1. I'd like the full set of residues that are of a type in the set (Lys, Arg) and either without any contact (Cβ under 8 Å) to a residue 60 or more places away in the chain or outside the structural domain of Phe279 (by TED's automatic domain parsing) (or both), limited to the stretch 209-263.
2. Need at least 3 residues that are closer than 19 Å to Met169 by Cα and touching a residue at least 40 places away in the same chain (Cβ under 8 Å) per element, so show me which strands (runs of 3 or more DSSP E) inside the stretch 74-140 make the cut, counting only ones lying wholly within it.
3. Count, please, the residues in the stretch 3-47 that happen to be assigned to a strand (DSSP E or B) and among the aromatic types (Phe, Trp, Tyr).
4. Name every residue in the stretch 278-302 that is within 23 Å of Arg219 (Cβ to Cβ) and in contact with a Leu (Cβ under 7 Å, 6 or more places away or on another chain), in order of residue number.
5. Please list, ordered by residue number, the strands (runs of 3 or more DSSP E) wholly in the stretch 198-302 having 1 or more residues that are closer than 17 Å to Leu79 by Cβ.
6. Report every pair of residues separated by at least 6 positions or lying on different chains whose Cβ atoms are under 8 Å apart, first residue within the stretch 147-175 and part of a helix (DSSP H, G or I), second surrounded by fewer than 19 Cβ atoms within 10 Å (Cβ to Cβ) and modelled with pLDDT under 95.
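The values are calculated or read from the model by the stated rules, or taken from the named source; none is laboratory data. Please read these numbers as outputs of a predicted model, since none were measured by experiment. Here the Cβ positions follow ideal geometry from the backbone for every residue, glycine too, while neighbour counts run over all protein chains shown.
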Amino acid sequence: MADMTVFVARTVRTMEPSLPVAEAVAVRDGRIVEVGTLDTMRPWLESHSHEIDDTFKDHCIMPGFIDPHLHPSMAAILLPMHFTTAVGWDLPWEDIGPVHDDEQFLARMESLDAALAPGEPLFTFGHHPIWHGPIDRSALNQISTARPIVAWHRGYHSITVNDACLRWMDLDTAAAGRHPQVDLDAGKFFETGLSVALRHLRGYLLETERFRAGLDRMRQVIHHGGHTTIGDAALGFYGFEQEWDHLQAVMEQPDTPFRIQLMPFAMGPEGDERTDDEFVERVLAYPSRNTHRLRFSDHAKM
C-alpha cells in the first residue's frame with residue numbers, strides 16, 4: 001500500500017496568499033503534507049511510495065470551511081421541529097418559507113396543529129417578538145387546549161408553552177413558579193429557567209430515534225454547507241455518555257465527510273459544575289476514544 005496519495009486537479013484554490021493556485025495535493029494518513037505541482041513535490045515522491053489519484057483532474061478543488069463553535073446536540077433537538085422563523089431555510093430535505101409577522105405566525109401554528117395526529121406534541125422553532133410579536137400561554141391555548149405546544153424562541157434560550165404542555169410535562173408548578181426565570185402565568189421558561197423545563201421534556205426530546213434523526217439532519221446540513229471540520233463546544237450538556245453514543249452511531253459513518261472536534265462541557269445537565277480533579281483526569285483521558293471523525297484534545301468548556 002502506498003504511503004501517500006497525490007490528488008491532481010485542474011485547479012487547486014488554496015486560499016493561502018503565498019501559493020493561491022496549485023495543481024496537486026499530497027495526503028498521508030489523512031493529513032495534507034504538501035500542496036503544489038508534481039514537479040515541486042518531486043522530493044516527496046522520490047522518497048515515499050505513492051499513488052496518483054486523478055478523480056479531480058477536471059475539477060477545481062478548495063479547502064472546506066471550519067466552524068469552531070457549534071452544538072450538535074442542540075441541532076439534534078431543534079432540527080426535527082417545525083420551523084417558524086422569519087427567514088426562510090434551504091435545507092437538504094426541504095425548503096421552508098419565511099414567517100414574516102404575527103398573523104403569519106399564528107396561521108402557521110394553526111396549520112401545523114391541524115396537520116398533526118391527535119395528542120402528538122407540537123414543537124416549533126423560530127418565534128421572535130421582533131417579527132412575530134409577543135406570545136404567551138393564553139395565545140397558544142387559542143391554538144389548542146388539548147395538544148401540548150412548545151414555541152421555541154429563535155435564540156434557543158427560552159420557550160413558551162400552553163396549558164396542555166404544562167400538564168404533559170407533569171411539572172411541579174409550585175416549585176417551578178419559585179424560579180426567578182420561570183413565568184408560569186405566561187407559560188415562559190427562559191435562560192436558567194429553561195433547564196427546569198428541559199428536565200421534564202428531555203424524555204421526549206432525547207428519545208433515541210428522534211435524537212439520532214436530528215443528528216443525521218445536522219450531518220446533512222454540515223455537508224450541505226461545505227464544512228470539513230466543526231467544533232462541538234459543549235459536549236455533555238444533556239449527558240456525556242448518552243451524547244457520545246449517539247455521535248458515534250450517526251457520525252462515524254463512511255459517508256460523513258467532516259470531522260468534529262469535541263470539547264466536554266464542565267457543567268452537567270442538572271447544572272452541577274464538574275471542575276474537580278476527577279473531571280480534569282477524565283478530560284485528559286478522552287483522547288484515547290478518538291476516532292477518524294470524532295476527536296478530543298485537552299480542552300473543556302467551563
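1. Selection gives Arg219, Arg259.
2. Answer list for the stretch 74-140: 122-127.
3. Residues in the stretch 3-47 being assigned to a strand (DSSP E or B) and among the aromatic types (Phe, Trp, Tyr): 1 in total.
4. Hits for the stretch 278-302 are Leu294, Arg295, Phe296.
5. So the answer is 227-235, 259-264.
6. Leu166/Thr173
So that you can scan it fast, the table gives a plain yes or no per residue for (1) in contact with a strand residue (DSSP E or B) (Cβ under 6 Å, 6 or more places away or on another chain); (2) of a type outside the set (Gly, Ala, Ser); (3) surrounded by 14 or more Cβ atoms within 10 Å (Cβ to Cβ):
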| site | (1), (2), (3) |
| --- | --- |
| Leu122 | yes, yes, yes |
| Trp131 | no, yes, yes |
| Ser138 | no, no, no |
| Gln142 | no, yes, no |
| Arg154 | yes, yes, yes |
| Ser158 | yes, no, yes |
